[in-house]
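Notes for the one structure printed next.
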Ligand SMILES: CC(C)(COP(=O)(O)OP(=O)(O)OC[C@H]1O[C@@H](n2cnc3c(N)ncnc32)[C@H](O)[C@@H]1OP(=O)(O)O)[C@@H](O)C(=O)NCCC(=O)NCCS
(Lines give C-alpha, C1' and ligand atoms only; values in the text may rest on other atoms or scores of the structure.)
Protein backbone atom coordinates (compact mmCIF):
# COMPACT_ATOMS: atom_id res chain seq x y z
CA UNK A 1 0.00 0.00 0.00
CA UNK A 2 1.39 3.42 -0.87
CA UNK A 3 1.58 5.99 1.90
CA UNK A 4 -0.75 8.90 1.42
CA UNK A 5 -0.68 12.12 3.39
CA UNK A 6 -4.06 12.94 4.98
CA UNK A 7 -4.53 16.55 6.10
CA UNK A 8 -5.59 16.95 9.74
CA UNK A 9 -8.95 18.69 10.08
CA UNK A 10 -9.00 21.68 12.41
CA UNK A 11 -12.04 23.17 14.11
CA UNK A 12 -11.36 26.90 13.88
CA UNK A 13 -14.34 28.04 15.89
CA UNK A 14 -18.00 27.29 16.45
CA UNK A 15 -21.02 29.41 17.12
CA UNK A 16 -24.71 29.02 17.80
CA UNK A 17 -27.74 31.16 18.30
CA UNK A 18 -29.12 31.11 21.81
CA UNK A 19 -31.51 28.13 21.86
CA UNK A 20 -35.16 28.96 22.53
CA UNK A 21 -38.23 26.97 23.51
CA UNK A 22 -40.24 26.53 20.32
CA UNK A 23 -42.98 29.11 19.95
CA UNK A 24 -41.05 31.78 21.90
CA UNK A 25 -38.28 34.11 20.65
CA UNK A 26 -38.02 32.62 17.19
CA UNK A 27 -41.71 31.70 16.75
CA UNK A 28 -41.86 33.62 13.45
CA UNK A 29 -38.48 32.54 12.09
CA UNK A 30 -37.66 29.52 9.96
CA UNK A 31 -34.69 27.18 10.24
CA UNK A 32 -33.28 29.02 7.22
CA UNK A 33 -33.58 32.40 8.98
CA UNK A 34 -31.72 30.98 11.99
CA UNK A 35 -29.09 29.30 9.83
CA UNK A 36 -28.38 32.54 7.94
CA UNK A 37 -27.95 34.46 11.19
CA UNK A 38 -25.40 32.07 12.64
CA UNK A 39 -23.39 31.45 9.48
CA UNK A 40 -23.10 35.18 8.74
CA UNK A 41 -21.88 35.87 12.26
CA UNK A 42 -19.48 32.90 12.24
CA UNK A 43 -17.80 34.20 9.09
CA UNK A 44 -17.63 37.69 10.54
CA UNK A 45 -16.24 36.57 13.92
CA UNK A 46 -13.63 34.31 12.35
CA UNK A 47 -12.33 37.24 10.29
CA UNK A 48 -11.72 35.11 7.22
CA UNK A 49 -12.28 36.35 3.71
CA UNK A 50 -15.62 34.72 2.69
CA UNK A 51 -14.07 33.80 -0.64
CA UNK A 52 -11.88 31.28 1.23
CA UNK A 53 -14.98 29.13 1.97
CA UNK A 54 -15.32 26.33 -0.58
CA UNK A 55 -18.32 24.40 0.71
CA UNK A 56 -21.13 24.61 3.23
CA UNK A 57 -22.72 21.43 4.59
CA UNK A 58 -25.79 21.90 6.71
CA UNK A 59 -28.04 19.62 8.75
CA UNK A 60 -31.80 19.94 9.04
CA UNK A 61 -34.30 17.32 10.17
CA UNK A 62 -37.68 18.78 9.24
CA UNK A 63 -36.96 20.52 5.93
CA UNK A 64 -39.08 23.27 4.50
CA UNK A 65 -40.88 22.21 1.33
CA UNK A 66 -40.01 25.64 -0.08
CA UNK A 67 -36.25 25.40 0.53
CA UNK A 68 -35.28 21.76 0.95
CA UNK A 69 -31.57 22.40 0.29
CA UNK A 70 -31.19 24.77 3.24
CA UNK A 71 -27.39 24.82 2.79
CA UNK A 72 -27.64 26.47 -0.63
CA UNK A 73 -30.22 28.97 0.66
CA UNK A 74 -27.92 29.90 3.57
CA UNK A 75 -25.13 30.63 1.07
CA UNK A 76 -27.39 32.77 -1.10
CA UNK A 77 -28.83 34.56 1.92
CA UNK A 78 -25.62 35.45 3.73
CA UNK A 79 -23.51 37.07 1.05
CA UNK A 80 -21.18 34.07 0.80
CA UNK A 81 -19.75 33.62 -2.71
CA UNK A 82 -22.50 32.21 -4.94
CA UNK A 83 -20.04 29.77 -6.49
CA UNK A 84 -20.19 27.65 -3.27
CA UNK A 85 -22.62 24.82 -4.05
CA UNK A 86 -23.79 23.83 -0.55
CA UNK A 87 -25.56 20.63 0.39
CA UNK A 88 -27.96 19.55 3.09
CA UNK A 89 -27.74 16.38 5.16
CA UNK A 90 -30.36 14.67 7.27
CA UNK A 91 -29.47 12.08 9.92
CA UNK A 92 -32.11 12.92 12.53
CA UNK A 93 -30.50 14.31 15.71
CA UNK A 94 -27.03 13.50 14.37
CA UNK A 95 -27.51 15.74 11.29
CA UNK A 96 -25.03 18.43 12.32
CA UNK A 97 -22.51 15.71 13.21
CA UNK A 98 -23.00 14.30 9.72
CA UNK A 99 -22.53 17.78 8.27
CA UNK A 100 -19.28 18.19 10.21
CA UNK A 101 -17.89 14.75 9.37
CA UNK A 102 -18.85 15.11 5.69
CA UNK A 103 -17.11 18.51 5.63
CA UNK A 104 -14.15 16.97 7.41
CA UNK A 105 -13.93 14.22 4.78
CA UNK A 106 -13.77 16.84 2.01
CA UNK A 107 -10.79 18.41 3.77
CA UNK A 108 -9.12 15.08 4.56
CA UNK A 109 -9.35 14.12 0.87
CA UNK A 110 -7.78 17.42 -0.11
CA UNK A 111 -10.88 18.50 -2.03
CA UNK A 112 -11.32 21.64 0.09
CA UNK A 113 -9.37 23.44 2.80
CA UNK A 114 -12.08 25.69 4.29
CA UNK A 115 -15.62 24.45 4.89
CA UNK A 116 -18.53 25.57 7.08
CA UNK A 117 -20.75 22.91 8.64
CA UNK A 118 -23.59 22.88 11.13
CA UNK A 119 -27.34 22.77 11.19
CA UNK A 120 -30.60 24.48 12.09
CA UNK A 121 -34.07 23.56 13.22
CA UNK A 122 -37.27 25.40 13.85
CA UNK A 123 -39.88 23.38 15.66
CA UNK A 124 -42.00 26.53 15.52
CA UNK A 125 -42.16 26.15 11.76
CA UNK A 126 -42.95 22.51 11.04
CA UNK A 127 -44.84 21.86 7.81
CA UNK A 128 -48.48 21.16 8.58
CA UNK A 129 -49.87 18.70 6.06
CA UNK A 130 -53.38 18.31 4.72
CA UNK A 131 -55.03 14.88 4.88
CA UNK A 132 -54.53 12.75 1.75
CA UNK A 133 -58.22 13.16 0.80
CA UNK A 134 -58.05 16.95 1.04
CA UNK A 135 -54.69 17.12 -0.74
CA UNK A 136 -56.10 14.96 -3.59
CA UNK A 137 -59.13 17.27 -3.83
CA UNK A 138 -56.87 20.35 -4.04
CA UNK A 139 -54.83 18.80 -6.86
CA UNK A 140 -57.98 17.72 -8.67
CA UNK A 141 -59.55 21.19 -8.28
CA UNK A 142 -56.44 22.84 -9.70
CA UNK A 143 -56.90 20.81 -12.91
CA UNK A 144 -60.55 21.81 -13.42
CA UNK A 145 -61.29 24.71 -15.76
CA UNK A 146 -64.79 25.72 -14.60
CA UNK A 147 -65.79 27.03 -11.18
CA UNK A 148 -68.38 24.24 -10.81
CA UNK A 149 -65.70 21.67 -11.62
CA UNK A 150 -63.38 23.18 -9.03
CA UNK A 151 -66.11 23.11 -6.37
CA UNK A 152 -67.13 19.59 -7.40
CA UNK A 153 -63.62 18.34 -6.58
CA UNK A 154 -64.39 19.02 -2.90
CA UNK A 155 -67.81 17.28 -2.92
CA UNK A 156 -66.53 14.18 -1.11
CA UNK A 157 -64.57 16.12 1.53
CA UNK A 158 -65.80 15.53 5.09
CA UNK A 159 -64.99 17.73 8.12
CA UNK A 160 -62.45 15.18 9.40
CA UNK A 161 -60.48 15.57 6.13
CA UNK A 162 -59.85 19.22 7.03
CA UNK A 163 -57.94 18.39 10.23
CA UNK A 164 -54.25 19.35 9.88
CA UNK A 165 -51.69 16.56 10.03
CA UNK A 166 -48.56 17.68 11.93
CA UNK A 167 -45.48 15.43 11.77
CA UNK A 168 -44.95 13.34 14.94
CA UNK A 169 -41.55 12.61 16.50
CA UNK A 170 -42.18 8.93 15.89
CA UNK A 171 -40.34 6.08 14.24
CA UNK A 172 -42.05 4.92 11.07
CA UNK A 173 -40.85 1.33 11.63
CA UNK A 174 -41.92 0.86 15.25
CA UNK A 175 -44.60 3.56 15.42
CA UNK A 176 -43.20 4.55 18.80
CA UNK A 177 -42.33 8.15 19.61
CA UNK A 178 -38.87 8.95 20.93
CA UNK A 179 -40.40 9.41 24.38
CA UNK A 180 -42.06 5.99 24.28
CA UNK A 181 -38.81 4.42 23.14
CA UNK A 182 -36.97 6.12 26.01
CA UNK A 183 -39.63 4.82 28.44
CA UNK A 184 -38.96 1.31 27.16
CA UNK A 185 -35.23 1.81 27.77
CA UNK A 186 -35.80 3.16 31.29
CA UNK A 187 -37.92 0.11 32.14
CA UNK A 188 -35.61 -2.50 30.59
CA UNK A 189 -32.49 -0.98 32.17
CA UNK A 190 -34.04 -0.18 35.55
CA UNK A 191 -33.32 3.55 35.28
CA UNK A 192 -35.35 5.09 38.09
CA UNK A 193 -37.32 8.33 38.03
CA UNK A 194 -35.05 9.64 40.81
CA UNK A 195 -31.89 8.95 38.81
CA UNK A 196 -33.40 10.69 35.76
CA UNK A 197 -34.50 13.73 37.73
CA UNK A 198 -31.10 13.98 39.44
CA UNK A 199 -29.39 13.94 36.05
CA UNK A 200 -31.82 16.55 34.67
CA UNK A 201 -31.18 18.78 37.67
CA UNK A 202 -27.42 18.51 37.08
CA UNK A 203 -27.99 19.57 33.46
CA UNK A 204 -29.90 22.70 34.51
CA UNK A 205 -27.53 23.65 37.33
CA UNK A 206 -24.47 23.31 35.14
CA UNK A 207 -26.03 25.16 32.19
CA UNK A 208 -27.08 28.00 34.52
CA UNK A 209 -23.61 28.16 36.07
CA UNK A 210 -21.87 28.09 32.67
CA UNK A 211 -24.12 30.87 31.39
CA UNK A 212 -23.62 33.05 34.48
CA UNK A 213 -19.85 32.60 34.41
CA UNK A 214 -19.64 33.66 30.75
CA UNK A 215 -18.40 30.24 29.66
CA UNK A 216 -20.57 30.38 26.53
CA UNK A 217 -19.54 33.86 25.42
CA UNK A 218 -17.33 32.56 22.60
CA UNK A 219 -19.91 30.10 21.35
CA UNK A 220 -23.30 31.80 21.72
CA UNK A 221 -24.12 34.88 19.62
CA UNK A 222 -26.68 37.57 20.31
CA UNK A 223 -29.74 37.49 18.08
CA UNK A 224 -31.62 40.70 17.42
CA UNK A 225 -34.77 39.01 16.20
CA UNK A 226 -36.01 40.07 12.76
CA UNK A 227 -38.22 41.50 11.40
CA UNK A 228 -39.00 43.88 14.30
CA UNK A 229 -35.43 43.94 15.71
CA UNK A 230 -36.83 44.90 19.11
CA UNK A 231 -36.18 41.55 20.84
CA UNK A 232 -32.54 41.00 21.78
CA UNK A 233 -31.83 37.36 22.70
CA UNK A 234 -28.53 36.76 24.45
CA UNK A 235 -29.01 33.50 26.32
CA UNK A 236 -30.83 30.19 26.07
CA UNK A 237 -34.32 30.51 27.51
CA UNK A 238 -34.93 26.91 28.58
CA UNK A 239 -32.38 26.77 31.40
CA UNK A 240 -34.06 26.69 34.81
CA UNK A 241 -31.54 27.94 37.33
CA UNK A 242 -34.15 27.45 40.04
CA UNK A 243 -34.92 23.82 39.18
CA UNK A 244 -35.14 21.51 42.21
CA UNK A 245 -35.46 17.78 42.73
CA UNK A 246 -38.78 18.38 44.51
CA UNK A 247 -40.12 20.41 41.55
CA UNK A 248 -38.99 17.76 39.08
CA UNK A 249 -40.51 14.97 41.17
CA UNK A 250 -43.94 16.62 40.99
CA UNK A 251 -44.15 16.47 37.17
CA UNK A 252 -46.49 13.91 35.63
CA UNK A 253 -45.06 11.32 33.20
CA UNK A 254 -45.84 12.27 29.60
CA UNK A 255 -45.35 9.21 27.41
CA UNK A 256 -46.69 6.52 29.77
CA UNK A 257 -49.00 8.39 32.07
CA UNK A 258 -49.64 5.43 34.40
CA UNK A 259 -46.33 3.65 34.88
CA UNK A 260 -43.87 5.99 33.15
CA UNK A 261 -40.90 7.97 34.47
CA UNK A 262 -40.27 10.44 31.64
CA UNK A 263 -41.55 13.97 32.20
CA UNK A 264 -41.15 17.39 30.63
CA UNK A 265 -38.40 17.91 33.24
CA UNK A 266 -36.13 14.99 32.35
CA UNK A 267 -36.64 15.10 28.54
CA UNK A 268 -35.06 17.50 26.05
CA UNK A 269 -37.63 20.15 25.10
CA UNK A 270 -38.88 21.16 21.65
CA UNK A 271 -36.44 23.88 20.61
CA UNK A 272 -35.54 26.37 17.87
CA UNK A 273 -31.93 27.25 17.07
CA UNK A 274 -28.97 27.02 14.72
CA UNK A 275 -25.26 26.37 14.92
CA UNK A 276 -22.18 26.30 12.71
CA UNK A 277 -18.49 25.48 12.84
CA UNK A 278 -15.66 26.60 10.59
CA UNK A 279 -13.33 23.78 9.58
CA UNK A 280 -9.97 24.07 7.84
CA UNK A 281 -7.05 21.87 7.01
CA UNK A 282 -4.32 22.32 9.61
CA UNK A 283 -2.02 23.75 6.93
CA UNK A 284 -4.57 26.33 5.85
CA UNK A 285 -5.09 27.46 9.43
CA UNK A 286 -1.32 27.73 9.87
CA UNK A 287 -0.95 29.68 6.65
CA UNK A 288 -3.60 32.16 7.83
CA UNK A 289 -2.03 32.35 11.30
CA UNK A 290 -5.21 31.07 12.99
CA UNK A 291 -5.06 28.90 16.11
CA UNK A 292 -7.73 26.18 15.94
CA UNK A 293 -9.80 25.30 19.01
CA UNK A 294 -9.45 21.58 18.26
CA UNK A 295 -9.00 18.85 15.70
CA UNK A 296 -11.21 16.00 14.54
CA UNK A 297 -9.28 12.84 15.33
CA UNK A 298 -11.86 10.21 14.42
CA UNK A 299 -15.52 9.48 14.11
CA UNK A 300 -17.83 6.51 13.64
CA UNK A 301 -21.51 6.00 12.95
CA UNK A 302 -23.41 2.84 13.81
CA UNK A 303 -26.99 1.73 14.12
CA UNK A 304 -28.95 -0.67 16.25
CA UNK A 305 -32.30 -2.35 15.67
CA UNK A 306 -35.06 0.21 16.41
CA UNK A 307 -37.14 -2.65 17.83
CA UNK A 308 -34.45 -3.21 20.48
CA UNK A 309 -33.41 -0.09 22.47
CA UNK A 310 -33.78 2.73 19.96
CA UNK A 311 -31.46 5.31 21.52
CA UNK A 312 -28.46 3.07 22.23
CA UNK A 313 -26.77 3.89 18.88
CA UNK A 314 -23.80 5.69 20.52
CA UNK A 315 -22.83 2.48 22.36
CA UNK A 316 -22.34 0.76 19.00
CA UNK A 317 -20.42 3.67 17.44
CA UNK A 318 -18.11 4.33 20.39
CA UNK A 319 -15.70 1.34 20.18
CA UNK A 320 -15.03 2.02 16.48
CA UNK A 321 -14.43 5.75 17.05
CA UNK A 322 -12.00 4.96 19.90
CA UNK A 323 -10.20 2.35 17.81
CA UNK A 324 -9.90 4.74 14.87
CA UNK A 325 -8.57 7.44 17.21
CA UNK A 326 -6.17 4.95 18.85
CA UNK A 327 -7.24 6.15 22.30
CA UNK A 328 -8.98 4.44 25.20
CA UNK A 329 -12.07 5.71 26.95
CA UNK A 330 -9.98 6.43 30.06
CA UNK A 331 -7.72 8.77 28.01
CA UNK A 332 -10.67 11.08 27.31
CA UNK A 333 -10.83 14.14 29.55
CA UNK A 334 -13.94 15.88 28.22
CA UNK A 335 -17.10 13.90 27.45
CA UNK A 336 -20.27 15.40 26.03
CA UNK A 337 -23.23 13.08 25.49
CA UNK A 338 -26.36 14.45 23.84
CA UNK A 339 -29.23 14.33 26.31
CA UNK A 340 -32.35 13.36 24.35
CA UNK A 341 -33.67 12.06 27.65
CA UNK A 342 -31.98 11.50 31.01
CA UNK A 343 -33.12 7.87 30.72
CA UNK A 344 -31.27 7.56 27.39
CA UNK A 345 -27.97 9.02 28.68
CA UNK A 346 -28.07 6.80 31.77
CA UNK A 347 -28.94 3.79 29.59
CA UNK A 348 -26.05 4.56 27.21
CA UNK A 349 -23.67 4.81 30.17
CA UNK A 350 -25.01 1.54 31.62
CA UNK A 351 -24.43 -0.34 28.36
CA UNK A 352 -21.00 1.24 27.79
CA UNK A 353 -19.97 -0.13 31.20
CA UNK A 354 -21.54 -3.57 30.78
CA UNK A 355 -19.45 -6.65 30.06
CA UNK A 356 -22.63 -8.62 29.32
CA UNK A 357 -23.72 -6.10 26.65
CA UNK A 358 -20.17 -6.06 25.24
CA UNK A 359 -20.26 -9.84 24.84
CA UNK A 360 -23.86 -10.18 23.69
CA UNK A 361 -24.19 -7.18 21.39
CA UNK A 362 -20.77 -5.79 20.52
CA UNK A 363 -18.68 -8.91 19.96
CA UNK A 364 -16.18 -7.76 22.58
CA UNK A 365 -14.91 -9.69 25.56
CA UNK A 366 -14.81 -6.67 27.88
CA UNK A 367 -16.97 -3.61 28.51
CA UNK A 368 -16.03 -0.46 26.58
CA UNK A 369 -15.35 1.35 29.88
CA UNK A 370 -16.79 3.23 32.78
CA UNK A 371 -18.36 6.70 32.52
CA UNK A 372 -19.46 8.54 35.64
CA UNK A 373 -22.59 10.60 34.74
CA UNK A 374 -21.32 13.37 37.01
CA UNK A 375 -18.17 13.85 34.93
CA UNK A 376 -19.94 14.42 31.60
CA UNK A 377 -21.68 17.50 30.16
CA UNK A 378 -19.93 19.95 32.46
CA UNK A 379 -21.75 22.94 31.01
CA UNK A 380 -25.14 21.23 30.89
CA UNK A 381 -26.71 19.38 28.00
CA UNK A 382 -29.71 19.21 25.73
CA UNK A 383 -32.20 18.78 28.62
CA UNK A 384 -31.39 22.26 29.92
CA UNK A 385 -29.99 24.02 26.85
CA UNK A 386 -32.57 22.64 24.45
CA UNK A 387 -32.30 20.48 21.37
CA UNK A 388 -32.97 21.96 17.92
CA UNK A 389 -32.57 18.59 16.18
CA UNK A 390 -30.46 19.68 13.20
CA UNK A 391 -28.24 22.01 15.25
CA UNK A 392 -27.28 20.03 18.34
CA UNK A 393 -24.27 18.17 16.93
CA UNK A 394 -22.38 21.38 16.13
CA UNK A 395 -23.24 22.84 19.55
CA UNK A 396 -21.63 19.83 21.19
CA UNK A 397 -18.53 19.74 18.98
CA UNK A 398 -17.94 23.43 19.73
CA UNK A 399 -18.41 22.99 23.46
CA UNK A 400 -16.03 20.03 23.61
CA UNK A 401 -13.33 21.98 21.73
CA UNK A 402 -13.74 25.01 23.99
CA UNK A 403 -13.64 22.80 27.09
CA UNK A 404 -10.45 21.12 25.82
CA UNK A 405 -8.90 24.59 25.51
CA UNK A 406 -10.13 25.65 28.95
CA UNK A 407 -9.10 22.50 30.81
CA UNK A 408 -5.94 21.63 28.89
CA UNK A 409 -7.20 18.05 28.39
CA UNK A 410 -6.00 16.46 25.17
CA UNK A 411 -8.96 14.30 24.09
CA UNK A 412 -12.68 14.96 23.95
CA UNK A 413 -15.61 12.72 23.08
CA UNK A 414 -18.97 13.58 21.52
CA UNK A 415 -21.83 11.08 21.38
CA UNK A 416 -25.26 11.64 19.88
CA UNK A 417 -28.17 9.20 19.59
CA UNK A 418 -30.64 9.61 16.75
CA UNK A 419 -33.90 8.29 15.35
CA UNK A 420 -33.70 5.01 13.46
CA UNK A 421 -31.37 3.55 16.11
CA UNK A 422 -28.45 5.58 14.76
CA UNK A 423 -25.56 6.73 16.92
CA UNK A 424 -22.41 8.74 16.36
CA UNK A 425 -19.22 9.04 18.36
CA UNK A 426 -16.52 11.59 17.54
CA UNK A 427 -13.09 11.88 19.14
CA UNK A 428 -11.67 15.41 19.16
CA UNK A 429 -8.22 16.53 20.24
CA UNK A 430 -6.85 19.82 21.53
CA UNK A 431 -3.56 19.96 19.60
C1 LIG B 1 -41.79 16.24 27.02
C2 LIG B 1 -42.62 17.23 26.19
C3 LIG B 1 -43.84 16.51 25.59
C4 LIG B 1 -43.06 18.34 27.11
O5 LIG B 1 -43.69 19.32 26.37
P6 LIG B 1 -44.53 20.48 27.08
O7 LIG B 1 -45.65 19.88 27.85
O8 LIG B 1 -44.85 21.46 26.01
O9 LIG B 1 -43.46 21.07 28.08
P10 LIG B 1 -43.53 22.33 28.99
O11 LIG B 1 -42.30 23.12 28.81
O12 LIG B 1 -44.84 23.05 28.81
O13 LIG B 1 -43.48 21.71 30.43
C14 LIG B 1 -44.59 21.05 31.02
C15 LIG B 1 -44.64 21.42 32.47
O16 LIG B 1 -43.45 20.94 33.09
C17 LIG B 1 -42.84 22.01 33.81
N18 LIG B 1 -41.39 21.79 33.80
C19 LIG B 1 -40.60 21.53 32.74
N20 LIG B 1 -39.31 21.40 33.15
C21 LIG B 1 -39.30 21.59 34.49
C22 LIG B 1 -38.28 21.58 35.47
N23 LIG B 1 -37.01 21.36 35.16
N24 LIG B 1 -38.63 21.81 36.76
C25 LIG B 1 -39.93 22.05 37.10
N26 LIG B 1 -40.94 22.07 36.20
C27 LIG B 1 -40.62 21.83 34.91
C28 LIG B 1 -43.25 23.26 33.03
O29 LIG B 1 -43.16 24.41 33.83
C30 LIG B 1 -44.68 22.96 32.68
O31 LIG B 1 -45.48 23.19 33.81
P32 LIG B 1 -46.94 23.86 33.63
O33 LIG B 1 -47.72 22.85 32.83
O34 LIG B 1 -47.40 24.01 35.03
O35 LIG B 1 -46.72 25.13 32.90
C36 LIG B 1 -41.80 17.81 25.00
O37 LIG B 1 -40.77 18.62 25.51
C38 LIG B 1 -41.19 16.71 24.17
O39 LIG B 1 -41.88 16.12 23.33
N40 LIG B 1 -39.90 16.41 24.35
C41 LIG B 1 -39.24 15.31 23.72
C42 LIG B 1 -38.75 15.73 22.40
C43 LIG B 1 -38.16 14.58 21.67
O44 LIG B 1 -38.73 13.51 21.56
N45 LIG B 1 -37.01 14.81 21.13
C46 LIG B 1 -36.32 13.82 20.38
C47 LIG B 1 -35.18 13.43 21.18
S48 LIG B 1 -33.94 12.76 20.15
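Here are the numbers:
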| quantity | calculated |
| --- | --- |
| Residue within segment 354-377 that is crowded, with 18+ Cβ neighbours inside 10 Å and either under 22 Å from residue 276 (Cα atoms) or within 16 Å of the ligand (Cβ to nearest atom) (or both) present | yes |
| Subset of segment 29-68 (residues that are part of a loop (DSSP other than H, G, I, E, B), more than 20 Å from residue 291 (Cβ to Cβ) and either in contact with a helix residue (DSSP H, G or I) (Cβ under 7 Å, 6 or more places away or on another chain) or at pLDDT 95 or above (or both)) | 29, 30, 54, 60, 61, 63, 64, 67 |
| Of the criteria (1) surrounded by 20 or more Cβ atoms within 10 Å (Cβ to Cβ); (2) part of a helix (DSSP H, G or I); (3) in contact with a helix residue (DSSP H, G or I) (Cβ under 6 Å, 6 or more places away or on another chain), which one residue 98 fails | (3) |
| Among the candidates 261, 271, residue that is within 10 Å of the ligand (Cβ to nearest atom) and in contact (Cβ under 8 Å) with a residue 40 or more places away in the chain | 271 |
| Any hit, segment 105-125, residues being under 19 Å from residue 59 (Cβ atoms), under 28 Å from the mean Cα position of the chain (by Cα) and without any contact (Cβ under 8 Å) to a residue 24 or more places away in the chain | yes |
| Residue within segment 248-256 that is in contact with a strand residue (DSSP E or B) (Cβ under 8 Å, 6 or more places away or on another chain) and either over 21 Å from residue 411 (Cα atoms) or within 16 Å of the ligand (Cβ to nearest atom) (or both) present | yes |
| Test: residue 317 is in a helix (DSSP H, G or I) and within 28 Å of residue 292 (Cα to Cα) | yes |
| Within segment 330-348, tally of residues that are in contact with a helix residue (DSSP H, G or I) (Cβ under 6 Å, 6 or more places away or on another chain) and either at pLDDT below 95 or away from the ligand (no atom under 16 Å from the Cβ) (or both) | 1 |
| Enumeration of residues in segment 326-343 that are part of a helix (DSSP H, G or I) and within 28 Å of residue 405 (Cα to Cα) | 329, 330, 331, 342 |
| Residue in segment 367-378 that is closer than 29 Å to residue 219 by Cβ and without any contact (Cβ under 8 Å) to a residue 24 or more places away in the chain present | yes |
| Residue match in segment 228-235 (condition: touching a residue at least 12 places away in the same chain (Cβ under 8 Å), touching a helix residue (DSSP H, G or I) at 6+ places or on another chain (Cβ under 7 Å), more than 12 Å from the ligand (Cβ to nearest atom) and part of a strand (DSSP E or B)) | no |
| Given (1) within 13 Å of the ligand (Cβ to nearest atom); (2) under 25 Å from residue 192 (Cα atoms); (3) not in a loop (DSSP other than H, G, I, E, B), index of the condition residue 351 fails | (1) |
| Given (1) surrounded by fewer than 24 Cβ atoms within 10 Å (Cβ to Cβ); (2) more than 11 Å from the ligand (Cβ to nearest atom); (3) within 22 Å of the chain's Cα centre (by Cα); (4) within 30 Å of residue 39 (Cα to Cα), index of the condition residue 282 fails | (3) |
| Subset of segment 169-199 (residues that are surrounded by fewer than 12 Cβ atoms within 10 Å (Cβ to Cβ) and under 14 Å from residue 420 (Cα atoms)) | 172, 175 |
| Subset of segment 4-28 [farther than 26 Å from residue 287 by Cα and assigned to a loop (DSSP other than H, G, I, E, B)] | 17, 18, 19, 22, 23, 24, 25, 26, 27, 28 |
| Which listed residue, of 78, 101, is modelled with pLDDT of 95 or more and farther than 27 Å from residue 418 by Cα | 78 |
| Single condition residue 383 does not satisfy, out of (1) assigned to a helix (DSSP H, G or I); (2) buried (at least 23 other Cβ atoms within 10 Å of the Cβ); (3) away from the ligand (no atom under 16 Å from the Cβ) | (3) |
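The values are calculated or read from the model by the stated rules, or taken from the named source; none is laboratory data. Here the structure is a predicted model, which means the values were calculated and not measured. A quick note on method: Cβ atoms are made from the backbone with ideal geometry, for glycine too, and the neighbour counts reach across all protein chains shown.
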